[in-house]
Amino acid sequence: MSAKTIVVGNFKGGVGKTKVAVMASWELSHEMNKKVLLIDMDPQANATTLIARSSGITEIPSSIFEGFEKGDLSDIVMSVNDNLDLIPAAVSFKNLPKFLYGRFKEDLDQVSYLNKLLEPLKDKYDYIFIDVPPTISDYSDNAMMAADYVLIILQAQELSLEGAETYISYLQFMIDEYDAYIQVAGVLPVLLRPGGRVDHATVERAKELFGDDNVFENYVKHLERLKAWDITGITYKDHHDKKAHQLFQDVVAEMLEKIEHFEGGEPASD
Ligand SMILES: Nc1ncnc2c1ncn2[C@@H]1O[C@H](COP(=O)(O)OP(=O)(O)O)[C@@H](O)[C@H]1O
Ligand SMILES: [Mg+2]
């Protein structure tokens with residue numbers, strides 16, 4: 001097998017990217033029996049913290065920046081359980097831009113380094129998820145070059161499509177500039193404000209812009225439990241937990257359908 005690599009994208013902070021990347025990895029590995037690698041590329045390490053808290057990991061011996069320096073990520077991979085591995089981040093990863101400019105002269109080499117480091121790992125997994133910081137930066141460039149698909153977060157309560165639109169135009173730039181080979185797996189509406197309603201006009205505009213089929217039918221609802229898991233770790237104790245897990249299982253199932261549709265629809269010869 002060769003893993004399908006998916007980056008969760010939107011150039012804004014606090015829109016639910018990390019939660020989606022972690023929960024999609026979690027449900028695929030725990031509930032759907034897939035081999036998954038989650039890569040934390042954010043020096044703030046929110047995904048690493050959430051996974052550690054959820055699975056009793058108390059020590060992170062080494063993190064992604066050491067793997068980048070060494071030119072080999074295999075020693076950095078941590079086993080979370082039988083099906084889920086994590087490449088953890090730490091604040092040291094803030095030095096990525098400096099490191100890349102020191103190591104590589106060519107732009108293309110700078111943005112392609114993660115892709116190169118992932119190549120030997122891809123055989124071990126069904127899916128690889130990448131969580132990135134919310135900036136147009138060496139982090140997002142490397143993620144885009146390494147990914148087969150992007151799952152774009154749409155802020156479904158906002159009156160503008162700004163976050164998602166900026167992402168798409170930047171994606172086009174990366175395709176033109178560096179021949180990035182990446183497809184949109186779908187646009188996932190996320191509701192981050194409590195009690196807020198979906199702005200249907202925004203979702204309709206997203207459908208016009210991205211195509212009807214590309215916008216998810218499932219929404220990530222605002223659930224207090226999803227927020228609480230930041231403190232408690234991911235749990236399975238009551239019906240609130242069950243609801244939160246079910247939500248992401250539905251989202252992941254729809255994502256897999258969309259990806260399958262793309263792959264099935266492609267001509268055999270490329
Ligand atoms: N569906 C949700 N319902 C409630 N709170 C959420 C939901 N998704 C994310 N959050 C919370 O919102 C905050 C930002 O989410 P996060 O995933 O870290 O966003 P990003 O990675 O885009 O910055 C976090 O405190 C997180 O727990
Ligand atoms: Mg984040």
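Some points to look at:
- Residues within the reach of a label modelled at Asp109 (point 7 angstrom out along Cα to beta-carbon, backbone nitrogen below 16 Å), restricted to the stretch 71-88, are 71-72.
- Span from the the stretch 105-130 Cα centroid across to the the stretch 164-179 one, whole angstrom: 18
- Set of lysines near Lys116 by C-alpha distance (under 28 Å), chain-local residues within fewer than 8 positions excluded: Lys4, Lys12, Lys17, Lys19, Lys34, Lys35, Lys70, Lys94, Lys98, Lys105, Lys124, Lys258
- Modelled this way, with points 7 Å down the Cα-to-C-beta line, the labels at Ala201 and Thr58 are 5.4 nm from one another.
- Whether the stretch 59-124 is rounded, prolate or oblate, judged on the alpha carbon gyration tensor where a/c under 1.5 counts as rounded: oblate
- Gln172 versus Glu224: modelled label distance in nm, points set 7 Å from Cα along the beta carbon direction: 4.3
- Theoretical FRET efficiency, 1/(1+(r/R0)^6), r = Cβ-Cβ of Glu260 and Met1, R0 22 Å, to 0.05: 0.90
- Taken over the stretch 1-158, the ratio of Cα radius of gyration to 2.2 N^0.38 Å equals 0.97.
- Normalised by the number of residues in the chain, the mean separation of alpha-carbon contacts (under 8 Å, six or more apart) gives a relative contact order of 25 percent.
- For the stretch 4-265, fraction of C-alpha pairs farther apart than 21 Å, in %: 57
- Span per principal axis, largest first, for the Cα atoms of the stretch 72-204 (Å): 46, 39, 28
- When Leu159, Leu100, Leu256 are compared by accessible area of protein heavy atoms, the largest-first order is Leu159, Leu256, Leu100, using a 1.4 Å probe.
- With both residues required to sit in the chain, DSSP beta bridges show an antiparallel share near 5%.
- Sites listed here are trypsin sites (Lys or Arg not before Pro) in the stretch 132-231 whose DSSP assignment is loop and whose Cβ has at most 10 other Cβ atoms within 10 Å: Arg197.
- A probe of 1.4 angstrom, applied to the heavy atoms of all protein chains, finds Tyr113 with accessible area near 10 square angstrom.
- Choice from Asn218, Asn83, Asn33 showing the highest fluctuation, given a GNM over the chain with Cα pairs closer than 10 Å: Asn33
- Note on Thr235 and Asp72: with the Förster distance fixed at 45 Å, the Cβ-Cβ geometry gives a FRET efficiency of about 0.80.
The values are calculated or read from the model by the stated rules, or taken from the named source; none is laboratory data. What you see is a predicted model; the values in this text were computed from it and never measured. Positions of Cβ are generated from backbone atoms using ideal geometry, with glycine treated the same way; all protein chains shown enter the neighbour counts. The protein model used for the area step is the full one, side chains on, heavy atoms only, and it has no ligands, DNA or RNA in it. Shrake-Rupley method; radii C 1.70, N 1.55, O 1.52, S 1.80 Å.
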